[in-house]
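Here the structure is laid out as structure tokens; the discussion comes afterwards.
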Amino acid sequence: MAEEITRNESVEQRKKDHLKPFRQGGVNARDASTWLEHVHLLHDALPEISKDEIDTSAEFCGRRFSSPLFITGMTGGTKEAQTINRQLAQVAQELDLGFGLGSGRAMLDHEELTETYMVRDVAPDIFLAWNLGGVQLLHTEVTKISKAMDELKADALCVHLNPAQELVQPEGDRDFRGVLDAISRLVKGFDWPIIVKETGAGISKKVAGMLVDVGVEWLDVAGCGGTSWPGVELLRSGKEDDPNAQALWDWGIPTAAAIAETRKQAKGIIASGGIRTGLDAARALALGADMAGVASPVLQAWFSAGKKGAHDYLSGLKDGLVNSMLLAGCKDIPQLQDAPRVVTGPLLLWIQQRNLEQTGV
Ligand SMILES: Cc1cc2nc3c(=O)[nH]c(=O)nc-3n(C[C@H](O)[C@H](O)[C@H](O)COP(=O)(O)O)c2cc1C
């Protein structure tokens with residue numbers, strides 16, 4: 001029992017530690033970027049479009065969204081996390097956005113924490129994704145996961161892959177064997193769609209192919225250039241003078257490169273990792289994503305101005321996407337995905353060296 005309590009406290013403490021740096025400024029890539037700045041949508045000086053007629057609706061995971069935007073999974077397991085989840089879910093309801101809960105490991109280990117993930121009563125219509133770590137699947141019965149999905153009334157399960165974070169986290173996992181098999185077993189008997197996501201280091205063509213081969217249809221590439229999880233763990237552990245941990249701060253496939261790597265593989269992809277503005281989202285969609293996902297800025301906006309702060313930030317993101325579409329002469333998302341663009345710099349080299357198909361040039 002004593003051990004149980006210590007463990008519960010340590011999971012809760014970790015959850016609290018993980019939120020801490022996002023109260024002010026977040027933990028962003030240092031020298032890396034998303035490379036979305038190398039995707040240039042062509043300016044249309046004669047768009048002949050009224051802003052009001054722009055249709056941003058898009059389909060993902062069997063659901064039609066009025067905007068192709070997703071608040072990706074962040075938290076759960078503490079009192080504060082409960083408030084954050086419930087208020088962000090309400091914002092998602094108001095703006096018709098997808099919403100992800102944070103890792104449900106705490107809830108699986110401690111049933112009494114389930115309520116910190118419960119949002120359906122305040123957000124009856126949102127597309128709601130629960131979240132578990134790939135390594136966690138190795139130790140969890142499918143029936144237990146299904147029961148939680150029912151309890152939360154979730155629409156999909158996000159399975160996160162985060163080896164870079166785990167390696168820098170002092171108490172993190174070190175053995176990543178068997179995760180693909182566990183995903184494969186889950187996909188077979190599961191009643192909900194599964195979205196496999198990274199957490200800021202991106203997904204390659206090879207990994208996307210392996211996932212698609214075992215039946216995964218939906219990916220969130222969560223590339224490098226936004227929140228750095230090695231960075232969060234490094235600050236948390238106080239190992240700031242460890243050069244080998246520091247070297248991993250910017251580890252990963254830049255988000256734009258991850259989109260180019262995966263866009264032809266899965267049925268649909270969310271582009272996330274460093275999406276900060278509507279123009280970032282527009283560039284990601286033009287490059288081949290189906291949705292754009294955002295995490296840290298939403299949380300930071302919540303910490304600075306509560307639910308209204310998150311609402312204002314996300315409304316701004318939506319409006320920024322519409323403005324970008326108008327300036328690129330696109331009336332709807334299919335037109336944006338087909339819009340002429342120029343890819344420059346390291347992103348172009350990456351696409352060429354990796355023999356990835358260039359679209360919409
Ligand atoms: C405070 C915080 C907690 C997070 N917790 C999770 C998590 O539990 N599960 C997960 O899959 N991703 C988690 N993420 C990762 C995000 O979903 C996202 O993939 C990543 O932060 C990159 O997006 P960003 O640059 O917009 O923050 C978390 C992110 C933040 C900021």
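Each value in this text was obtained by applying a stated rule to the coordinates, not by laboratory testing. These numbers come from a predicted model, not from an experiment. We place every Cβ from the backbone using ideal geometry, glycine too, and count neighbours over all the protein chains shown.
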At 0.36 nm per residue, minus the direct Cα-Cα distance, what do Lys331 and Thr83 gain on full extension? Give it in nm, one decimal, please. 85.6 nm
Residues in segment 75-93 that a label on Asp125 would reach, taking backbone N under 15 Å of a point 7 Å out along Cα→Cβ: 90-93
Over 25 Å between Cα atoms, which of Lys15/Lys197; Lys206/Lys318; Lys20/Lys197; Lys20/Lys267 qualify? Lys206/Lys318; Lys20/Lys267
Highest GNM mean-square fluctuation among Thr72, Thr143, Thr116, for the chain with Cα springs under 10 Å, belongs to Thr143
Taking all pairs of distinct Cα atoms, average 1/r, flip it, and tell me the Kirkwood hydrodynamic radius of segment 97-238 in Å to one decimal place. 15.8
Extension length gain for Asp312 and Glu141 (0.36 nm per residue less Cα distance), in nm, is 57.6 nm
For the chain, with +1 on Lys and Arg beta carbons and -1 on Asp and Glu, the positive-most of Ile194, Ser315, Ala256 along the dipole: Ala256
Which distance in nm do the two modelled labels at Ser184 and Phe303 give, with both placed 7 Å along the Cα-to-Cβ direction? 4.1
Along the dipole axis of segment 51-353 (charges at Cβ: +1 for Lys and Arg, -1 for Asp and Glu; origin at the Cα centre), the most positive-end residue among Val159, Leu349, Cys61 is Leu349
Work out how much length Glu48 to Asp109 would gain on full extension: take 0.36 nm times their residue separation and subtract the Cα-Cα distance, in nm to one decimal. 16.3 nm
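Using the Kirkwood radius over C-alpha pairs as Rh, can you work out the diffusion coefficient of segment 219-361 via Stokes-Einstein at 20 °C, viscosity 1.002 mPa s, in µm² per second?
130
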Bridge type composition, the chain - antiparallel percent by DSSP, nearest 5: 20
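State the percent of C-alpha pairs, over all pairs in segment 51-353, separated by a distance greater than 37 angstrom. Show your work: numbers first, answer last.
On the way: 4469 of 45753 pairs.
So the portion of pairs separated by more than 37 Å is 10 percent.
Exposed loop sites here are GluC sites (Glu not before Pro) in DSSP loop states with at most 14 other C-beta atoms within 10 Å. What is the longest stretch of the chain lacking them? Please report the intermediate quantities before stating the final value.
Working: sites that count: Glu48, Glu141, Glu171, Glu240, Glu357.
Answer from the scan: 241-356.
With +1 on the Cβ of every Lys and Arg and -1 on the Cβ of every Asp and Glu, and nothing else charged, how large is the dipole of segment 51-353 about its Cα centre, in debye rounded to the nearest 20?
Values: 29 positive and 39 negative charges, 102 e Å.
Charge dipole of segment 51-353: 480 debye, to the nearest 20.
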Suppose each label sits 7 Å from its Cα in the direction of the beta carbon; what would the Glu151-Phe176 distance come out to in nanometres? 3.0
From the phi of every residue in segment 174-181, what ³J(HN,Hα) in whole Hz does the Karplus formula 6.51 cos²θ - 1.76 cosθ + 1.60 yield, where θ is phi - 60° and glycine or proline is x? 10, 10, 10, 6, x, 5, 4, 4
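Which of the trypsin sites (Lys or Arg not before Pro) across segment 57-108 are loop residues per DSSP, with 16 or fewer other Cβ within 10 Å? Write down the numbers at each step before the final one.
On the way: sites: Arg63, Arg64, Lys79, Arg86, Arg105; in loops: none.
Sites meeting the loop and neighbour criteria: none at all.
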What residue among Gln24, Gln265, Gln300 has the largest mean-square fluctuation in a Gaussian network model of the chain, using Cα springs under 10 Å? Gln24
Points 7 angstrom from Cα along the Cβ direction at Glu240 and Asn355: gap in nanometres? 4.6
